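Here's the structure we're looking at; comments come further down.
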Amino acid sequence: MFVYLDNSSTTKQYDEVTDTMLKYMREDFGNPSSLHKLGLTAEKAVKKARGQVARAIGVGDDEVLFTSCGTEADNTAITGAARAGKRRGKKIITSEIEHPAVLETFKELEEEGFKPVYIGVDKGGFIDTEQLKSEIDDDTVLVSIMHVNNELGTVEPIEDAAAMKGKALFHTDAVQSFGKLKIPTKNVDLISVSGHKIHGPKGMGALAIKKGVNIKPFIVGGGQERNMRSGTENTAGIAGLGAAAEITSANRDKNYAHMDEVRKYLMDGIADEIKDVQINSPQEHYCPSVLNVSFLGTRGEVILHTLEQSDIYVSTGSACSSNKSSGRSHVLKAAGLSDEAIDGAIRFSLSELNTIEEMDYVLVRLKKAVGDFRRLGSFR
Ligand code: PLP
């Protein structure tokens, strides 16, 4: 049996998405800026996709900007908001558990003279809203807090945090919640999403910029995307993102319920059948696509490769986390996990394509992998 449980890293593209994309590669390959009818067809495809993505996020059509990935959406939002506000203030605030697409951008901005502040989290990965409230002042130009954490699945209290923003712009990285949860939009100025986490294309993202919010463009040139993101539009990618956004949002509630059931089955099975485990994902306010568990006394990496031999694919943390310093997840460290718990952590990340039958198979193989490691160590 093949079981893919690494959907927070990337998802299998829907066939409908691939078919849509092929049409704009094989036949309707025009440049949306061209004046002839091939151009017009491409322009219409971009317009349609903008509507599909806007509805999936919950914003207006004219508030969506297409980007080359979630990382670019984060970079554009954060750099653009900070630079637009630099005369008014220098303070920029984020959390300790953000994706590197956010944390590295904050580091770059620090070199430009901005003053970053990192909000801590509790053991469930929830941001300290009291600390956030006390940090936001008149010098603050941007607050960036992710909606769902990619390693723990924690759903952050975005509406509460955004209500505190004062004069600052508020950005949320909604890459992991897009298509799975309703994205909070109240008081939120900027929202990043990505295609490949919702069975859409890799190398496609979008940034919602609320009407009246002015940020500096990040990529300049020919003035596409209303001057906010130059470069000839990736029509096929955009159409694919639109199709994926429409499919996932039409099935969102159904998919949520299914993932939650499968996740609970896996979590209960692990707790019942395997000793010395620690569930790291929070018990409430979690996204059902992520379950993070530590198998104490083991090494997650070895368990991962053992499971791989049975065609089961999981992750030890974020596939795209840099973790340069010690190799240990900055998210799990910030949540206060012990080194033993971090070293033995596995992230199971689900999509609506996973089934209970798959979890039965995973539980058998997982129990054996953990048991073998504990008996024999990693040198088998
Ligand atoms: N933000 C979060 C929370 C993510 O999980 C990811 C991808 O792992 C990204 C941003 C980056 O998205 P992309 O891979 O489309 O650049």
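The values are calculated or read from the model by the stated rules, or taken from the named source; none is laboratory data. Here the structure is a predicted model, which means the values were calculated and not measured. Neighbour counts run over all protein chains shown; Cβ positions are idealised from the backbone, glycine included.
So, in segment 195-229, how many residues would count as being surrounded by fewer than 21 Cβ atoms within 10 Å (Cβ to Cβ) and within 11 Å of the ligand (Cβ to nearest atom)? Summing the residues that are surrounded by fewer than 21 Cβ atoms within 10 Å (Cβ to Cβ) and within 11 Å of the ligand (Cβ to nearest atom) in segment 195-229 gives 2.
Between L65, L5, the distinction of being farther than 17 Å from A245 by Cα and within 16 Å of the ligand (Cβ to nearest atom) belongs to L5 only.
Within segment 171-194, being within 16 Å of the ligand (Cβ to nearest atom) and either outside any loop (DSSP other than H, G, I, E, B) or surrounded by fewer than 24 Cβ atoms within 10 Å (Cβ to Cβ) (or both) holds for H171, T172, D173, L181, I183, P184, L190, I191, S192, V193, S194. Sub-9 Å Cβ pairs linking a first residue in segment 20-39 that is not assigned by TED's automatic domain parsing to the domain that holds G237 to a second residue that is modelled with pLDDT of 95 or more and not polar (S, T, N, Q), at least 6 apart or interchain, number zero.
What residue, among those in segment 315-344 that are aliphatic (A, V, I, L, M) and within 16 Å of the ligand (Cβ to nearest atom), is modelled with the lowest pLDDT? Selected residue: A319. None of T10, T79 is under 18 Å from the mean Cα position of the chain (by Cα), within 16 Å of the ligand (Cβ to nearest atom) and surrounded by fewer than 23 Cβ atoms within 10 Å (Cβ to Cβ) except T10. Among the residues of segment 1-33, just one is among the small types (G, A, S) and in contact with a Leu (Cβ under 8 Å, 6 or more places away or on another chain), namely G30.
Residues are listed down the side, and each one gets a yes or a no for (1) modelled with pLDDT of 95 or more; (2) touching a strand residue (DSSP E or B) at 6+ places or on another chain (Cβ under 6 Å):
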site	(1), (2)
S194	yes, yes
P201	yes, no
A206	yes, yes
G223	no, no
T235	yes, no
R252	yes, no
Y256	yes, no
K264	yes, no
D272	yes, no
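Taken over segment 250-275, the criterion of being without any contact (Cβ under 8 Å) to a residue 24 or more places away in the chain and outside any helix (DSSP H, G or I) is satisfied by K275 alone.
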